[in-house]
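What follows is a short report on a single structure.
All of the numbers you see were taken from the coordinates with simple rules; none came from a lab. As the structure is a prediction and not an experimental result, all values here were calculated from the model. Positions of Cβ are backbone-derived with ideal geometry, glycine not excepted, and every protein chain shown enters the neighbour counts.
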């Protein structure tokens, strides 16, 4: 559950925070953290580029290297700590493997310090274990899913998300994604068991503008407040309607209801059912 604050100020009245009581009181792995350069929403020439407006600032962070591939096959590991990662919405787990190596993985719900995890072709249905999709029974919740064998997990990696295993046939497994899309994935791909941690992330109320700035998000200007040269909605005396039937981006492209997926995309054959509009 999100943590509420005492209403000592107007912003504190509606502010909510995370409950960090379940996390380990331990410093991050030194070998798995490093600094990184932020682009601040700019391209290689230093100009603010399309689609990057409203970015900049933010609190300084150290990046944690996460093992999305989890390719230590048949080598058991023990969860040494559950930690906060400022670069992602879910929590991360530090795993100490039997061969002495230490790595970070995405922490699912109900994973605790001292739990054993393993990546193998067939494993028990415990949160944190990882195995091939062909060996995961129907109805199971999975995360950190590979799109291609040996690629590493690229799907379902944000807080509280999980995909559901629907059916298996013809060398492919049907998965219902968090977006409600039903998709075919090769049964040779690996996926981790369980729903990801920190499910309350989506219900957090930031409470004040400054907290948004800490996250690296700068204020966004409404299109109708701009000049005609800057936006299709700009110009006019006083407050004017947008003067166009369909909503548009600052670049004048139609948005809102327009299909963006390429009809000639080769992977369209793997989409069994599009997501709900």
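Can you sort 172, 5 by how many other beta carbons sit within 10 Å, fewest first? Could the numbers behind the result be given before it?
Values: 172 19, 5 14.
By the 10 Å Cβ count, ascending: 5, 172.
For segment 4-109, rounded, prolate or oblate, judged on the Cα gyration tensor with a ≥ b ≥ c (square roots of eigenvalues), a/c < 1.5 rounded, else prolate if a/b > b/c?
oblate
Stokes-Einstein D for the chain at 25 °C, 0.890 mPa s, Kirkwood Rh over Cα pairs, in µm²/s?
Approximately 113 µm²/s, per Stokes-Einstein.
Within 10 Å, count the other beta carbons around each residue, average over each peptide in 12-19, 93-100, and list them highest first.
Result, highest mean Cβ count within 10 Å first: 93-100, 12-19.
Applying a 10 Å radius around every beta-carbon, put 176-183, 35-42 in order of their mean neighbour count, most first.
Top of the packing list down: 176-183, 35-42.
Using the per-residue mean of other Cβ atoms lying within 10 Å as a proxy for protection, in what order, highest first, do the peptides 142-150, 256-264, 109-117 fall?
Highest-to-lowest ranking by the protection proxy: 142-150, 109-117, 256-264.
Give the order of 20, 68 when sorted by the count of other beta carbons within 10 angstrom, beginning with the fewest.
Details: 20 10, 68 17.
Sorted ascending by nearby Cβ count, the order is 20, 68.
Spin-label point model (7 Å from Cα, Cβ direction): what's the residue 206 to residue 255 distance in nm?
The answer from the label model is 1.7 nm.
Based on alpha-carbon centroids, what's the gap between segment 139-168 and segment 187-227 in Å, whole number please?
Result: 20 Å between the Cα centres.
Need one word for segment 101-219: rounded, prolate or oblate. Basis is the Cα gyration tensor (sqrt eigenvalues a ≥ b ≥ c); a/c below 1.5 gives rounded, then a/b vs b/c decides. Walk me through the intermediate numbers first.
Working: a/c = 2.27, a/b = 1.63, b/c = 1.39.
Cα axes put segment 101-219 in the prolate bin.
Compute the length gained on full extension between residue 62 and residue 222: take 0.36 nm times their separation in residues and subtract their Cα-Cα distance, giving the result in nm to one decimal.
Stretched fully, the residue 62-residue 222 segment lengthens by 54.3 nm.
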